[in-house]
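In what follows, a single structure is set out as structure tokens and then discussed.
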Amino acid sequence: MSSTRYELRGHTAVITLDNPPINGLGLALRTGIIDSLDQALADPAVKAIVLTGTARAFSGGADVKEFGTPKAGMEPRLPVVISALENSPKPVVAAIAGVCMGGGLELALGAHFRVAKRDAQIALPEVKLGLIPGAGGTQRLPRLVGLEAAMNLIVSGAIVKAQQFEGTALFDALTDGDVVEAGVAFAEQAVAEGKPLKRARDLKVKDPQAEAWLQFARNTVAATAKGWPAPLKCVEAVALSASKSFDEGLRLERDIFLGLMATTESRALRHVFTAERAAAKIPDVADDTPLRTITKVGVIGAGTMGGGITMNFLNAGIPVVLLEMKQEALDRGIATIRKNYENSMKKGKLKAEQVEQRMALITPTLGYEGLADVDLVIEAVFEEMGVKEKVFRTLDEVCKPGAILASNTSYLNVDKIAQFTQRPQDVIGLHFFSPANVMRLLEVVRGKETAKDVLATSMALAKKIKKVAIVSGVCDGFIGNRMLARYGAAAQGLVNAGALPQQVDKALQSVYGLAMGPFRMGDLAGLDIGWATRKRKAAEAGVEMTPIVADKLCEAGRYGQKTGAGWYRYEAGKRDPIPDPVTEALITEYRAANGITPRKVSDDEIVERCIYALVNEGARILEEGIAARASDIDLVYLNGYGHPAQRGGPMLFADTVGLANVVRALKRFAAEPGADPSWQPAPLLAKLAAEGKTFN
Ligand code: NAI
């Protein structure tokens, strides 16, 4: 099966890459290019060669379907294909439209000339997978565009338009028209003029400031890379282009590339890449399930969440009917939305007319009549079953048949909510994360009776509003918050045992790489939420609540940042957490009252306890079928809880540590006197560990 098409236009052979959707450079395509090239070289009538793709993609780079399979390493490997183009005695012109990224751009760099659509998307995004370009990109690009421009592209992994490189040797011509025609015209002219072949490998990096510039780049990148290896390796590889011969540079680039392939950082980032593609698939819902049409949305509640949720739809051009109980709350909610947009405008991210266009999509209302014709309603009212009940009974009365009725509840039972309506098949949980206009995660909570097309429509809509949607079954807190409860308890346990909140936060931030440790996060989210939940649960269970330190803080009116103090104290108008002796005194008091003699807690223990608590609950969630796959759980933590992509999420972290090691640690924690039974290794985790397997 060939993945290229070959055609003659006059004396020019046009080789078209044909491996939909984005011309991933799999084995068949690589072989096809070599075969077509040989055909063109063997034909005396052919004077020049044009290599092109489709309007959508010249090539998006490596074929992800081949990742980790033997095919990925089979000859002809990409560097061989690129050299074959470069060594062609007949001129080779790459005609580039659409996506030209990673290995796709490296392939184009092997051509002698490049003609591109002005808006072609150019990138070397390997750094985002913890790698460097490994097929000559770090050696050829600086020879064509100079050190600085090459470094910027390679270190950032950013996507830029071809026109940004106008005037450099990267592109010989830019066009707004048909790129294949332009490529053929260029090739004919090159032949007519006898243009010498421009091989990137023969060029020299001419930069008298090279050393000074490289030192600057090393310092800047080191300061922002947070100790992850790939960005600095990008600098190192690009630097070789100025100091080594081309062949030596190419060899060293390969060594660096292979070294990075073996890092846990790259493994994690590649895991995230494939996880995002896997998450969109729901095992028992067909890809071609007919979708419901969503052209108008209702949002109930214009508070913290309702406002942010509304913005997602406005940003996508979808009108929203926003309902509140009182005019004052409605006005406040809308003013907050406007303020957020105006802040984006001040930062230059939005134009004034865009702000007005978006605001004009809101229809504010105090009455349910306005919801009669919406296709989807998302409820974001107070987190109380009684309030939700009233809302859903009313929605059932007023909404048109087929409208999707969604709840943004954080913890409540979506199946129970569905029963407040006569149409439980249309009810679903759409759990956004705060701030809802910023956070990428959306938990799509599938009730017992949720219809498949409601699920499929929600997933498609999530994509439209640029969310990473993860399907969760119904349980207390769904995937993310259910695991978070264990994590919070582990962090609290460490403080009880002898650590201070600032030590716990610092260890998780600096050792594991979290954006924010649990106590800072608690202060940001508001400690009163957990307090209310614990009170509710105690009341439901009919038991007296035994206050923990967090409850004591709340009893003292310390709800977190919003009251100026929580675990930390905050200076007026500032968000920097300042360790507070008042908190320390409450902790000491708690230890004394519970007969705890404080002990020294190491940073490693902090990471183990907090992350393994997540992992263990994650394993139970998998076992119960609440999550379909371990990688879905990882995505929840990466996109909703500030976990670093370079760790790949808690489940991949456990795989990296080795599940047997995780189980040993959990058994140790579970064996301590008075240990919470949840430390017992989950059966699935124990089984995988015993079989020497991994989650992912
Ligand atoms: P909030 O208190 O900021 O906003 C709730 C809004 O709903 C208020 O403006 C209130 O006036 C309005 N409201 C209450 N009852 C209503 C009714 N019957 N009809 C119309 N409007 C009504 O609360 P927040 O934080 O926005 O939470 C809303 C929901 O989102 C809750 O279910 C919560 O669990 C969930 N959630 C909250 C997150 C958070 O971080 N705050 C994160 C994810 C979900």
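The values are calculated or read from the model by the stated rules, or taken from the named source; none is laboratory data. All values derive from a computational prediction rather than experimental measurement. All Cβ positions, glycine included, derive from the backbone under ideal geometry; neighbour counts span all protein chains shown.
Taking the criterion of being buried (at least 21 other Cβ atoms within 10 Å of the Cβ), within 11 Å of the ligand (Cβ to nearest atom), over 31 Å from the mean Cα position of the chain (by Cα) and among the β-branched types (Val, Ile, Thr), would at least one residue in the range 384-391 satisfy it?
Among the residues of the range 384-391, at least one is buried (at least 21 other Cβ atoms within 10 Å of the Cβ), within 11 Å of the ligand (Cβ to nearest atom), over 31 Å from the mean Cα position of the chain (by Cα) and among the β-branched types (Val, Ile, Thr), which makes the answer yes.
Name the pairs whose Cβ atoms lie under 7 Å apart, with the first residue in the range 380-400 and under 19 Å from Gly308 (Cβ atoms), the second part of a helix (DSSP H, G or I) and within 6 Å of the ligand (Cβ to nearest atom), and 6 or more positions between them or separate chains?
Once the first residue is under 19 Å from Gly308 (Cβ atoms) and sits in the range 380-400, its partners that are part of a helix (DSSP H, G or I) and within 6 Å of the ligand (Cβ to nearest atom) give Ala380/Met305; Ala380/Gly306; Val381/Val387; Val381/Val391.
Met305 is checked against (1) more than 23 Å from the chain's Cα centre (by Cα); (2) among the aliphatic types (A, V, I, L, M); (3) within 16 Å of the ligand (Cβ to nearest atom) and fails just one. What number does that condition carry?
The number of the failed condition is (1).
Which residue is nearest to Ala418 (Cα to Cα), if the candidates are limited to the range 443-464 and must be crowded, with 22+ Cβ neighbours inside 10 Å, away from the ligand (no atom under 14 Å from the Cβ) and among the β-branched types (Val, Ile, Thr)?
Among residues in the range 443-464 that are crowded, with 22+ Cβ neighbours inside 10 Å, away from the ligand (no atom under 14 Å from the Cβ) and among the β-branched types (Val, Ile, Thr), the one nearest to Ala418 (Cα to Cα) is Thr450.
Looking at this structure, is Val474 away from the ligand (no atom under 13 Å from the Cβ) and outside any loop (DSSP other than H, G, I, E, B)? Even if it seems obvious, please write down each step before you answer.
Details: away from the ligand (no atom under 13 Å from the Cβ): yes; outside any loop (DSSP other than H, G, I, E, B): no.
Against the criterion (away from the ligand (no atom under 13 Å from the Cβ) and outside any loop (DSSP other than H, G, I, E, B)), Val474 does not qualify.
Report yes if some residue within the range 500-518 is among the small types (Gly, Ala, Ser), surrounded by fewer than 21 Cβ atoms within 10 Å (Cβ to Cβ) and more than 30 Å from Phe273 (Cβ to Cβ); otherwise report no. Break it down stepwise before answering.
Residues of the range 500-518 that are among the small types (Gly, Ala, Ser), as a first pass: 507, 510, 513, 515, 517.
Then keep just the ones that are surrounded by fewer than 21 Cβ atoms within 10 Å (Cβ to Cβ); that gives 510, 513, 515.
Okay, now just the ones that are also more than 30 Å from Phe273 (Cβ to Cβ), so none.
For the range 500-518, residues among the small types (Gly, Ala, Ser), surrounded by fewer than 21 Cβ atoms within 10 Å (Cβ to Cβ) and more than 30 Å from Phe273 (Cβ to Cβ): absent.
Restricting to the range 392-406, count the residues that are within 16 Å of the ligand (Cβ to nearest atom) and under 17 Å from Asp453 (Cα atoms).
The total comes to 2.
Determine, yes or no, whether Leu442 is at pLDDT 95 or above, within 30 Å of Asp580 (Cα to Cα) and among the aliphatic types (A, V, I, L, M).
So Leu442 does not fit the description; no.
Which ones in the range 665-679 are without any contact (Cβ under 8 Å) to a residue 40 or more places away in the chain and surrounded by 13 or more Cβ atoms within 10 Å (Cβ to Cβ)?
Answer for the range 665-679, where residues must be without any contact (Cβ under 8 Å) to a residue 40 or more places away in the chain and surrounded by 13 or more Cβ atoms within 10 Å (Cβ to Cβ): Lys667, Ala670, Ala675.
I'd like to know if the range 275-298 contains one or more residues that are within 16 Å of the ligand (Cβ to nearest atom), surrounded by fewer than 15 Cβ atoms within 10 Å (Cβ to Cβ) and of a type in the set (Lys, Arg).
No; the residues of the range 275-298 include none that is within 16 Å of the ligand (Cβ to nearest atom), surrounded by fewer than 15 Cβ atoms within 10 Å (Cβ to Cβ) and of a type in the set (Lys, Arg).
Which pairs turn up if I take residues in the range 310-329 that are charged (D, E, K, R) and look for partners that are in a helix (DSSP H, G or I) with beta carbon separation below 7 Å, at least 6 apart in sequence or on another chain?
Glu324/Leu330; Glu324/Gly333
On the given criteria, is Val155 surrounded by 23 or more Cβ atoms within 10 Å (Cβ to Cβ), among the aliphatic types (A, V, I, L, M) and touching a residue at least 24 places away in the same chain (Cβ under 8 Å)?
Against the criterion (surrounded by 23 or more Cβ atoms within 10 Å (Cβ to Cβ), among the aliphatic types (A, V, I, L, M) and touching a residue at least 24 places away in the same chain (Cβ under 8 Å)), Val155 qualifies.
Within the range 434-442, is even one residue within 14 Å of the ligand (Cβ to nearest atom), in contact (Cβ under 8 Å) with a residue 60 or more places away in the chain and part of a strand (DSSP E or B)?
Within the range 434-442 (the criterion being within 14 Å of the ligand (Cβ to nearest atom), in contact (Cβ under 8 Å) with a residue 60 or more places away in the chain and part of a strand (DSSP E or B)), the answer is yes, since at least one residue qualifies.
Against the condition touching a helix residue (DSSP H, G or I) at 6+ places or on another chain (Cβ under 8 Å), under 18 Å from Val374 (Cβ atoms), within 14 Å of the ligand (Cβ to nearest atom) and hydrophobic (A, V, I, L, M, F, W, C), how does Leu430 come out, does it pass? Steps first, please.
Working: touching a helix residue (DSSP H, G or I) at 6+ places or on another chain (Cβ under 8 Å): yes; under 18 Å from Val374 (Cβ atoms): yes; within 14 Å of the ligand (Cβ to nearest atom): yes; hydrophobic (A, V, I, L, M, F, W, C): yes.
Against the criterion (touching a helix residue (DSSP H, G or I) at 6+ places or on another chain (Cβ under 8 Å), under 18 Å from Val374 (Cβ atoms), within 14 Å of the ligand (Cβ to nearest atom) and hydrophobic (A, V, I, L, M, F, W, C)), Leu430 qualifies.
Given (1) more than 18 Å from Val381 (Cβ to Cβ); (2) within 11 Å of the ligand (Cβ to nearest atom), identify the lone condition not met by Leu366.
Just one mismatch for Leu366, condition (1).
Output the helices (runs of 4 or more DSSP H) that fall wholly within the range 511-568 and possess 2 or more residues being touching a Phe, Trp or Tyr at 6+ places or on another chain (Cβ under 8 Å), of a type outside the set (A, V, I, L, M, F, W, C) and within 16 Å of the ligand (Cβ to nearest atom), or say none. Write out each step before concluding.
Values: elements: 518-525, 527-541, 549-555.
It comes to 518-525, 527-541.
Working carefully through the options Gly60, Gly104, find the one that is touching a strand residue (DSSP E or B) at 6+ places or on another chain (Cβ under 8 Å), farther than 16 Å from Ala187 by Cβ and without any contact (Cβ under 8 Å) to a residue 60 or more places away in the chain.
Just a single option satisfies the conditions, and that option is Gly60.
Does Thr588 qualify as being part of a helix (DSSP H, G or I) and of a type in the set (Ser, Thr, Tyr)?
yes
Can you work out which of the residues in the range 326-360 that are farther than 19 Å from Val438 by Cα, aliphatic (A, V, I, L, M) and surrounded by 13 or more Cβ atoms within 10 Å (Cβ to Cβ) is nearest to the ligand (Cβ to nearest atom)?
Among those residues, the one meeting the criterion is Ala329.
Select from the range 133-157 the residues that are among the small types (Gly, Ala, Ser), closer than 16 Å to Leu232 by Cβ and not in a loop (DSSP other than H, G, I, E, B) and list them in ascending order.
Correct list: Ala150, Ser156.
Considering only residues of the range 549-593 that are aromatic (Phe, Trp, Tyr) and within 37 Å of the chain's Cα centre (by Cα), which is nearest to Ala491 (Cα to Cα)?
Checked the range 549-593; the qualifying residue nearest to Ala491 (Cα to Cα) is Trp567.
Return a yes/no flag: does the range 561-580 have any residue that is more than 22 Å from Ser510 (Cβ to Cβ), at pLDDT 95 or above and in contact with a Pro (Cβ under 7 Å, 6 or more places away or on another chain).
Checked against the condition, which is being more than 22 Å from Ser510 (Cβ to Cβ), at pLDDT 95 or above and in contact with a Pro (Cβ under 7 Å, 6 or more places away or on another chain), the range 561-580 yields no hits at all.
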